[in-house]
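Scroll down for the structure; my scribbles are underneath it.
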């Protein structure tokens, strides 16, 4: 399954990760991530894999398109960790 710019933005939002943090976690340049998320350029397959793996390691599950579009969600462990944070709803 591929990674879309919208999924990348949404996944970072779910785990409260900045583009800079994703760059550090994935080894993909900040500039590449910024251009990808704006839909300006598609990273090479190895960089897409690295982005996806870093987001999955942070607790994101990628959902394939089922006719309604692709999506993202948190793993149960990540949901529990998020709920335990001070100020989390």
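Out of the residues in region 1-31 that are under 15 Å from residue 59 (Cα atoms) and surrounded by fewer than 14 Cβ atoms within 10 Å (Cβ to Cβ), state the one that is nearest to the chain's Cα centre (by Cα).
Step one: list which residues in region 1-31 are under 15 Å from residue 59 (Cα atoms), which gives 7-18, 21-22, 25-26.
Of the ones still in play, those that are also surrounded by fewer than 14 Cβ atoms within 10 Å (Cβ to Cβ) are 13, 16, 18.
Details: 13: 8, 16: 10, 18: 10 Å.
So the residue we want is 13.
Restricting the search to region 63-78, which residues are surrounded by 10 or more Cβ atoms within 10 Å (Cβ to Cβ) and either at pLDDT 65 or above or on the phi > 0 side of the Ramachandran plot (or both)?
Filtering region 63-78 for residues surrounded by 10 or more Cβ atoms within 10 Å (Cβ to Cβ) gives 63, 65, 69-76, 78.
Correct list: 63, 65, 69, 70, 71, 72, 73, 74, 75, 76.
The values are calculated or read from the model by the stated rules, or taken from the named source; none is laboratory data. From a predicted model like this one, the values you see are computed outputs, not experimental measurements. Note that we place each Cβ from the backbone using ideal geometry, even for glycine, and neighbour counts take in every protein chain shown.
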